[in-house]
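Below is one structure; the comments refer to it alone.
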Amino acid sequence: MTRTTDPKIEAALASFISDHPEIDSRDAAIAAILENWFTSHGYLPHGQTGTRPEDLDATNDD
């Protein structure tokens, strides 16, 4: 990802990273922020897990 030239965004990213020690890079922070935003706005499902379609077969039918 490219760096933004907006100092406010860079400062917010730096604060986010310092508040989340499990996030080890700028790219990971941006990915986490985007995932949160997409989920909260309905673009990604909320906490759903399951079997990927390519892993489905008759043995895991419910």
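The values are calculated or read from the model by the stated rules, or taken from the named source; none is laboratory data. None of these values were measured; they are calculated from a predicted model. Cβ placement follows ideal geometry from the backbone for every residue including glycine, while neighbour counts extend to all protein chains displayed. With ligands, DNA and RNA removed, areas are computed over all heavy atoms of the protein, side chains included. Shrake-Rupley method; radii C 1.70, N 1.55, O 1.52, S 1.80 Å.
Within segment 49-62, identify whether any single residue is at pLDDT below 85, surrounded by fewer than 10 Cβ atoms within 10 Å (Cβ to Cβ) and of a type in the set (Gly, Ala, Ser), and answer yes or no.
Yes, there is a match, as at least one residue in segment 49-62 is at pLDDT below 85, surrounded by fewer than 10 Cβ atoms within 10 Å (Cβ to Cβ) and of a type in the set (Gly, Ala, Ser).
So the check is Cβ under 7 Å with 6+ separation or different chains; which pairs have a first residue in segment 22-38 that's under 16 Å from Ala12 (Cβ atoms) and a second one that's small (Gly, Ala, Ser)?
From segment 22-38, the pairs are Ile23/Ala29; Ile23/Ala32.
Which ones in segment 1-46 are open to solvent by less than 90 Å² (accessible area, probe 1.4 Å) and assigned to a loop (DSSP other than H, G, I, E, B)?
Thr4, Asp6, His20, Ile23, Ser25, Gly42, Leu44, Pro45
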